[in-house]
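As structure tokens, the structure follows; a few thoughts come after it.
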Amino acid sequence: MARSSAQVQADGTPGAADVIVVGAGPAGLLTAGDLAAAGHTVTVVEKREAGISNLTRALVVHARTLEQLDARGLGDELAERGAHAEGLGVFGRAVLDPTTLPSRYPYILVVGQFEVERLLERRAREAGADFLYGTEVTGLRQDGTGVEVDVAVREAPDEPGGSEGPGSESVAAPAVSTGTLRASYLVGCDGVRSTVRSALGLPFPGRSVIRSIVLADVRLAEPPLEPFLFNAVGDAFALVAGFGDGWYRVGGWNRKRQLPDSEPADLDEVRDFTRRALGSDFGMHGARWVSRFHSDERQVPRYRVGRVLLAGDAAHVHSPAGGMGMNTGLQDAANLSWKLSAVLHGRASPELLDSYHRERHPVGKQALRASGAIIRLALTRTPALRALRAAGAELLTRVRPLGRRAVRTVSGIGVSYPSPRGSHPLVGKRAPDLALEPVPGRERLYEALREGKFVLVTPAGAASCPEAADEERLVHVQSACGSSGKRTQTLLIRPDGYIAWASDTPDAEGLRRALRQWAGATAPRAA
């Protein structure tokens, strides 16, 4: 049975790659696609068999994640596959309004995680990444030049085998072979039970915050008018989200029915907590799957250990409240991939990888706090605290600055990174999708970012230093004349869409220093 185009060496000779990515979930697939598109050899190791999807729990994609996907040519395509929620009602009163976001995607996209994975895997394969499905990491070692992993490969039999008596057939247990792989770096994106994290000996401190959450995908005979609903009452909470194709994700919790994950869940249980929290079960029927699980709040203390880095649920996990889990992991990957590529190309020292932890660990911590606050408010049981929750929801609705701040936090649009003292105020901030002097395929900033390079934005007609012409390192574009009434700055944009350097006035020497610092040396051209 063919595993993929990559091969595990079973004779003791390590297979070599620039990067091994462990885990073919969203964070792993985006990382693999970015690195392969940048010209690196990438092997993706996934213990699931090919064609077997994750049990998809994530169901929303926020604006900042859509912007990151837009920078890879996938944002609009994904947006067409789901439902657009232009308001998020919570706790019966508050309506978070994403239409106020300064983004190409001013809404919450309700779409299954499998759709995100499908697009990202297609991109990674087209860029040349190799996949090893049915392959599990069993050991890990690293030295000064690379990382070596032991793997076990499950080989499914081609034909049924074995016998349990006359006339009976059974499928033989899959054979398991072992081997090793080697790469310069390894990125662990293998989820909350990360084998990579365990092999590094890293703790995963935290605790379970809620148990016996039930999810189901169902049909609704009487669907709500809004594509996304959420509410909590004294003993239950529930959400209903429409995928736009006739299927709805329903999830929730009942304080009076706390069962272990191993206990089966059924549609009657889903109907019950939905009626409690939302006043109706909307005539739900025809469930295609129902699952019970618990939710933890945990974060690893270090995102980098030598040549091994962690991203997504392998680095942080939190409650599903706010829908920030998958989104935070994808943004981890966007932050890490360009830095790892710069190191592999020799344009940056390995110390650049330390900035991945410095920038993303606080964001992961913020996501834990935000989702934790939402879930604790949902679980509130005393009348006084429920009244306080209602008052807070009313404030979010009526006090617009509070509502805007809340939606910017949840959407990721408000995320920024620390900047050195004395930097321009824009440094570390998310770059908006600026209108550009049009050339084919580059009419706005996020189209220019699709080349995976730094983007230098200068005012129309402005002179540029000679280094700006180095197409190996960056894309040079000019902002559109009169696109806004504001003064046009010179901006150096990182490949992940954050501002590395800015100036309000011509500063050729400052630009040269910024280019040397951020874009590094020219990559050697192929012979």
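The values are calculated or read from the model by the stated rules, or taken from the named source; none is laboratory data. As the structure is a computational prediction, the values presented were derived from the model and not from experiment. Positions of Cβ are backbone-derived with ideal geometry, glycine not excepted, and every protein chain shown enters the neighbour counts.
Overview of results
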| quantity | calculated |
| --- | --- |
| Residues of segment 185-196 classified as more than 10 Å from Val22 (Cβ to Cβ) and modelled with pLDDT of 95 or more, total | 1 |
| Residue within segment 281-290 that is in a loop (DSSP other than H, G, I, E, B) and touching a helix residue (DSSP H, G or I) at 6+ places or on another chain (Cβ under 8 Å) present | yes |
| Matching residues in segment 441-465 - criterion: being in contact with a Lys or Arg (Cβ under 7 Å, 6 or more places away or on another chain), part of a helix (DSSP H, G or I) and surrounded by 19 or more Cβ atoms within 10 Å (Cβ to Cβ) | Ala448 |
| Pairs, first modelled with pLDDT of 75 or more in segment 367-392, second assigned to a helix (DSSP H, G or I), C-beta under 7 Å, six or more apart | Ala367/Thr328; Ala370/Thr409; Ala370/Val410 |
| Residue in segment 83-101 that is modelled with the highest pLDDT, counting only those that are crowded, with 23+ Cβ neighbours inside 10 Å and touching a Pro at 6+ places or on another chain (Cβ under 9 Å) | Pro98 |
| Residues of segment 255-279 classified as within 20 Å of Phe228 (Cβ to Cβ) and surrounded by 14 or more Cβ atoms within 10 Å (Cβ to Cβ), total | 8 |
| Answer from Glu49, Glu136, Glu148 - the residue that is at pLDDT below 95 and surrounded by fewer than 22 Cβ atoms within 10 Å (Cβ to Cβ) | Glu49 |
| Test for Ala79: is it of a type in the set (Gly, Ala, Ser), at pLDDT 95 or above and closer than 18 Å to Pro432 by Cα | no |
| Candidate set: segment 322-356, residues that are more than 30 Å from Arg516 (Cα to Cα) and among the hydrophobic types (A, V, I, L, M, F, W, C); chosen: the one surrounded by the fewest Cβ atoms within 10 Å (Cβ to Cβ) | Met326 |
| Members of segment 1-39 found to be at pLDDT 95 or above and charged (D, E, K, R), listed by number | Asp18, Asp34 |
| Residue count for segment 301-321, restricted to those that are under 18 Å from Asp18 (Cα atoms) and either among the small types (Gly, Ala, Ser) or buried (at least 24 other Cβ atoms within 10 Å of the Cβ) (or both) | 4 |
| Positions within segment 220-229 being more than 17 Å from Gly82 (Cβ to Cβ) and touching a residue at least 60 places away in the same chain (Cβ under 8 Å), in sequence order | Ala221, Glu222 |
| Boolean, Leu309 is more than 23 Å from Leu377 (Cβ to Cβ), aliphatic (A, V, I, L, M), part of a loop (DSSP other than H, G, I, E, B) and touching a strand residue (DSSP E or B) at 6+ places or on another chain (Cβ under 7 Å) | no |
| Any chance Glu359 is closer than 14 Å to Gln517 by Cα and without any contact (Cβ under 8 Å) to a residue 60 or more places away in the chain | no |
| Inter-residue pairs, beta-carbon under 9 Å, first over 20 Å from Arg182 (Cβ atoms) and in segment 296-317, second buried (at least 22 other Cβ atoms within 10 Å of the Cβ) and among the acidic types (Asp, Glu), 6+ apart | Tyr303/Asp332; Ala311/Asp332; Gly312/Asp190; Gly312/Asp332; Asp313/Asp190; Ala314/Asp190; Ala315/Asp332; His316/Asp332 |
| Ser341 vs. criteria under 29 Å from Phe454 (Cβ atoms), free of Cβ contacts under 8 Å to residues at least 40 places away in the same chain and either among the hydroxyl-bearing types (Ser, Thr, Tyr) or in contact with a Cys (Cβ under 7 Å, 6 or more places away or on another chain) (or both) | no |
| Checklist (1) more than 28 Å from Gly87 (Cβ to Cβ); (2) without any contact (Cβ under 8 Å) to a residue 40 or more places away in the chain applied to Arg257, failing item | (2) |
| Qualifying residue in segment 408-430 (condition: aliphatic (A, V, I, L, M), at pLDDT below 90 and more than 23 Å from the chain's Cα centre (by Cα)) | no |
